[in-house]
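Report on the following structure.
The values are calculated or read from the model by the stated rules, or taken from the named source; none is laboratory data. This structure is a prediction, so every number in the text was calculated from the model and none was measured. Here Cβ is always computed from backbone atoms with ideal geometry, including for glycine, and neighbour counts include all displayed protein chains.
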Amino acid sequence: MSRWKLVSGRFLLDTNTVIALFGDRASIKEHLARADEVFVSSVALGELYYGAFKSSRAEDNLRQIEDFATSCTVLCCDKNTAKEYGSIKNRLRKKGTPIPENDIWISAIAKQHDIILVTSDKHFEEVDDLKQVVW
């Protein structure tokens, strides 16, 4: 499982990448400017909304998520995602390397659509044939 080093292409942003973007990380903004297409999963949006609702600045954070969600395509789970999820989870079980449930769903969406996942979470390396990069 290698980390892909690409400057353009189709990218799925993990929750931690979106949070870093909200924190004005310049490297992420630079990479996004060169991306052909940017996607976010409904799963990552759910994690972001949860964080916003439990924060002391809920209204501001919710507004920021809404603005972000309108700037990229949101990919949702369907029957094909569920099949990919089941396959990934079974392979992780066989290897004895579980990862968080939401991250299995995010991996499934990335693999289903053949998109590069942008994440700083190392545990995604346990998912076979998942294209990923760290910005």
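Inside segment 93-103, residues that are buried (at least 18 other Cβ atoms within 10 Å of the Cβ) and out of contact with any helix residue (DSSP H, G or I) (no Cβ under 6 Å at 6 or more places or on another chain) make up a count of 1.
Somewhere in segment 120-128, is a residue within 23 Å of Lys29 (Cβ to Cβ), modelled with pLDDT of 95 or more, touching a His at 6+ places or on another chain (Cβ under 8 Å) and not in a helix (DSSP H, G or I)? The answer is no, given that none of the residues of segment 120-128 is within 23 Å of Lys29 (Cβ to Cβ), modelled with pLDDT of 95 or more, touching a His at 6+ places or on another chain (Cβ under 8 Å) and not in a helix (DSSP H, G or I).
Checked against (1) exposed (fewer than 14 other Cβ atoms within 10 Å of the Cβ); (2) hydrophobic (A, V, I, L, M, F, W, C); (3) in contact with a helix residue (DSSP H, G or I) (Cβ under 6 Å, 6 or more places away or on another chain), Leu117 meets all criteria but (1).
Remark: pairs (first residue in segment 81-103, free of Cβ contacts under 8 Å to residues at least 24 places away in the same chain and within 15 Å of Leu130 (Cβ to Cβ); second residue of a type in the set (Val, Ile, Thr) and in a helix (DSSP H, G or I); Cβ separation under 8 Å; 6+ apart in sequence or on different chains) = Tyr85/Ile104; Lys89/Ile104.
The lone criterion from (1) closer than 23 Å to Ile104 by Cβ; (2) over 13 Å from the mean Cα position of the chain (by Cα) left unmet by Glu47 is number (2).
Matching residues to (1) surrounded by fewer than 19 Cβ atoms within 10 Å (Cβ to Cβ); (2) in a helix (DSSP H, G or I):
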{"position": "Asp24", "(1), (2)": "yes, no"}
{"position": "Ser56", "(1), (2)": "yes, no"}
{"position": "Ser71", "(1), (2)": "yes, no"}
{"position": "Glu84", "(1), (2)": "no, yes"}
{"position": "Ser87", "(1), (2)": "yes, yes"}
{"position": "Trp105", "(1), (2)": "no, yes"}
{"position": "Leu130", "(1), (2)": "no, no"}
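Looking at Thr70, is it modelled with pLDDT under 95 and at negative phi?
It is true that Thr70 is modelled with pLDDT under 95 and at negative phi.
Considering segment 50-95, the residues that are among the polar types (S, T, N, Q) and farther than 26 Å from Gly9 by Cβ include one that is nearest to the chain's Cα centre (by Cα), namely Asn61. Among the residues of segment 110-124, are any within 12 Å of the chain's Cα centre (by Cα), closer than 22 Å to Lys79 by Cβ and of a type in the set (Asp, Glu)? The answer is no; no qualifying residue exists.
Yes or no: Ser27 under 19 Å from Asp121 (Cβ atoms), in contact with an Asp or Glu (Cβ under 9 Å, 6 or more places away or on another chain) and of a type in the set (Gly, Ala, Ser)?
no
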